[in-house]
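A short reminder: the numbers here are calculations on the coordinates, not readings from a lab. Keep in mind it's a predicted model, so treat the numbers as computed, not measured. All Cβ positions, glycine included, derive from the backbone under ideal geometry; neighbour counts span all protein chains shown.
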Amino acid sequence: MKKTAFITGCTGQDGALLSAYLLGKGYYVHGLKRRSSSPNTERVDHLYQATQVKDRRFFLHYGDMTDATNLLRLLNEVRPDEIYNLAAQSHVHVSFETPEYTANVDAMGPLRLLEALRILKLDAKLYQASTSELYGNSGPCPQSETTPFAPCSPYATAKLYAYWITLNYRQAYGLHASNGILFNHESPLRAQTFVTRKITQEVAKIYHGTSDCLYLGNLNAKRDWGHAQDAIEGMWRIVQQAQPGDYVLATGQSHTVRSFVELAFSHIDIPIIWEGEGLHELGRHAHTGKVHIRIDPRYFRPNEVHHLCGDASKARRELGWSPRIRFEELVAEMMKADIEKGLRGACAP
Ligand code: NAP
Ligand code: F7E
């Protein structure tokens, strides 16, 4: 029998990729979408259209993680086999500006889902989108499932509550509820305010001559950047386990923002040299001397996480999961996609 999945955050990067992945496996997919005055379903519109004619397996429902009765009603109507809670105010920097809202969505939202499961006595497996931000600057790299948490932002603190309440409900009520502790994962669908996509989009604009300078914050932060498609497969594998659990999904390699920038520029044959320090640092075209990167203090955070790099040994061992797409391939794919969008005129600011 075909399985049914309920995906919150289905209009985001991961939600769109997961929807496509599960539809490809023959699932019925029900996604939660927020009411918005401007379009917010662009990442899934093609899936919706492709499944409307003779193979109606993709459904979108209005809802919000701050609305408990809406979630309760939808879960009662859909009665899914699997729930993927991907909805979140997912931007770390923005969470310093909107801490209460972030807590409501990212901490209380998962609680509302868990309560709905308990009240409805739903026998569904739940995936909670936990994050490497839980570790903050807690200690040595690489971080694994046993590394202590020390969240450094309202986002990470809200996600810490979500992590523990998922684990509590598993222990207290026997729910099949699991945490995926995912390190940064990217794709051409990544939102434009995250640093990787911001870089590839701006470098593509420089290539097309519609921009000449990229403004960034901390160039020295290090992240374990994997591909979102690999992350999606890991999420699904976590949910397929006979027993619930908590798993790190990561590549085990980290890179600085600076090296991401250099690699992105290399795709348009611009070698970068760096000059100056701190707010006065800049990146120049090594041959023409033109300045292509400047620092803007607006992009520094009140509290920074300096280095994240994950140890996914448990996922390799128990899930048979390993990342397939290398960092260099990820950057190449994102650059190619943004350059092509620019050619089609979709790269306008
Ligand atoms: P994303 O692109 O920002 O997508 C977030 C999704 O949540 C969007 O569909 C968004 O809807 C929805 N959403 C936001 N607030 C909501 C609310 N109040 N009610 C209902 N839906 C709401 O994030 P992502 O990169 O796909 O990440 C997916 C999940 O994994 C998030 O929980 C994130 O915190 C977590 N995570 C991500 C990474 C990563 O590197 N990508 C790593 C670790 C964990 P709109 O489209 O309407 O904005
Ligand atoms: O920042 C630095 C910034 O916003 C990465 C989310 O998916 O992954 C993501 O959170 C680094 C930080 O991602 C700019 O200071 C420099 O050190 O792309 P980001 P993030 O904060 O790591 C985790 C795992 C999640 O869970 C989150 O949901 O890049 N940085 N200059 C900049 N960052 C941004 N956004 N913009 C800049 O101009």
I need the Kirkwood Rh of the chain: take the reciprocal of the average 1/r across all distinct C-alpha pairs and report it in angstrom.
21.0 Å
Do any trypsin sites (Lys or Arg not before Pro) in region 247-349 lie in a DSSP loop with no more than 13 other beta carbon atoms within 10 Å, and if so, which?
K290, R324, R326, R344
Whole Å is fine, so just give me how far the alpha carbon centre of region 180-213 lies from that of region 226-261.
19 Å
When the dipole is taken about the Cα centre of region 104-230, and only Lys, Arg (+1) and Asp, Glu (-1) are charged at their Cβ, what size is it in debye, to the nearest 20?
220 debye
Can you figure out the FRET efficiency of E277 with N303, using R₀ = 22 Å and their beta-carbon distance, to the nearest 0.05?
0.55
Sequence-separation-based contact order of region 1-113, relative, with Cα cut under 8 Å and 6+ spacing, percent
31 percent
According to the square roots a ≥ b ≥ c of the eigenvalues of the Cα gyration tensor, what is the shape class of region 138-200, taking rounded for a/c under 1.5, prolate for a/b larger than b/c otherwise, and oblate for the remainder?
prolate
To the nearest 0.05, what FRET efficiency results for E318 and H287 with a Förster distance of 45 Å applied to their C-beta separation?
0.35
Please sort 149-159, 42-52 by packing, taking for each peptide the average over its residues of neighbouring beta carbons within 10 angstrom, highest first.
149-159, 42-52
³J(HN,Hα) computed for each position of region 238-254 - Karplus, 6.51 cos²θ - 1.76 cosθ + 1.60, integer Hz, glycine/proline x:
4, 5, 7, 5, 5, 10, x, x, 10, 9, 7, 10, 7, 8, x, 10, 10
Within region 309-324, backbone nitrogen closer than 20 Å to the virtual label 7 Å beyond the Cα of S144 toward Cβ:
309-323
If you take the charge dipole of the chain about its Cα centre, with +1 on Lys and Arg Cβ and -1 on Asp and Glu Cβ, which of Q13, H91, A242 is farthest toward its positive end?
A242
A student applying the Cα gyration tensor rule (rounded when a/c is under 1.5; otherwise prolate if a/b is larger than b/c, oblate if not) would label region 241-305 oblate
Would you mind calculating the relative contact order of the chain from Cα pairs under 8 angstrom and at least 6 residues apart, reporting the percent as a whole number?
16 percent
Label region 1-145 by shape, choosing from rounded, prolate and oblate, from the square roots a ≥ b ≥ c of the eigenvalues of the Cα gyration tensor; if a/c is under 1.5 it is rounded, and otherwise prolate applies when a/b is larger than b/c, oblate when it is not.
prolate
Using a simple spin-label model with points 7 Å from Cα along the Cα→Cβ vector, what separation in nm is obtained for Y48 and M1?
2.9 nm
Test of understanding: extend the Cα→C-beta vector of E340 to 7 Å, then name every residue of region 291-332 with backbone N under 14 Å from that spot.
332
In whole Hz, what ³J(HN,Hα) sequence does region 129-134 give by Karplus (6.51, -1.76, 1.60; θ = phi - 60°), x for Gly and Pro?
7, 8, 8, 5, 4, 4
Compactness index (Cα Rg / 2.2 N^0.38 Å), region 194-349
1.19
Exactly which GluC sites (Glu not before Pro) in region 287-349 are in a DSSP loop and have at most 11 other Cβ atoms within 10 Å?
none
Whole-Hz Karplus couplings 3J(HN,Hα) for region 81-87, θ = phi - 60° and coefficients 6.51, -1.76, 1.60, Gly and Pro as x, run 7, 9, 10, 10, 8, 9, 5
